[in-house]
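The values are calculated or read from the model by the stated rules, or taken from the named source; none is laboratory data. Because the structure is predicted, anything quoted here is derived from the model rather than measured. Ideal geometry is used to build each Cβ from the backbone, glycine not excepted, and the neighbour counts take in all protein chains shown.
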Amino acid sequence: MYFLLILFFGSLLGIIFMIGRKLLLLQSGQVSQRDNVETFLKAQYFEELKHSTIKTIKKHRYTGLVTIVRLYVRSSSFIKNKYELVKTKIKNIYHKKVGSEVNEIKERQEVPKFLKIISEYKNKIREISHKIKEEEDL
């Protein structure tokens with residue numbers, strides 16, 4: 001908390017110092033037209049830079065999306081495999097110690113509409129991931 005306050009007041013003092021320096025130059029009449037031309041040229045440079053950045057982002061947007069989905073698919077399959085291994089190990093240990101199987105809940109409650117929508121989205125994502133898995137032969 002104190003760190004953020006120190007940063008805030010430090011930046012505030014820096015801004016006050018910059019504005020005060022420009023005001024002193026303005027009062028003494030030392031501000032020239034050259035400063036305005038340089039800022040205009042810098043503004044044009046930044047506009048060109050902005051347009052080229054946007055073009056580059058648009059080019060690489062799709063590849064970035066595919067990369068993210070592939071990473072998601074790979075990590076989810078890795079986690080799922082490890083989860084299954086750990087689950088079977090825990091069941092084996094539990095059955096050895098207790099000697100009987102775990103009673104599962106036989107009653108099924110009605111699923112709320114929100115959860116149905118979420119499960120539909122999950123199924124759609126699962127289909128996309130399955131297509132990617134087929135493409136990469138995982």
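Right, His130: surrounded by 10 or more Cβ atoms within 10 Å (Cβ to Cβ), modelled with pLDDT under 80 and in a helix (DSSP H, G or I) or not?
no
Please determine whether any residue of region 103-126 is modelled with pLDDT of 85 or more, acidic (Asp, Glu) and either part of a helix (DSSP H, G or I) or loosely packed, with under 10 Cβ neighbours inside 10 Å (or both).
Yes, region 103-126 has at least one match.
What's the number of the condition Tyr62 fails, among (1) surrounded by 10 or more Cβ atoms within 10 Å (Cβ to Cβ); (2) at pLDDT below 90?
Every listed condition holds for Tyr62 apart from (1).
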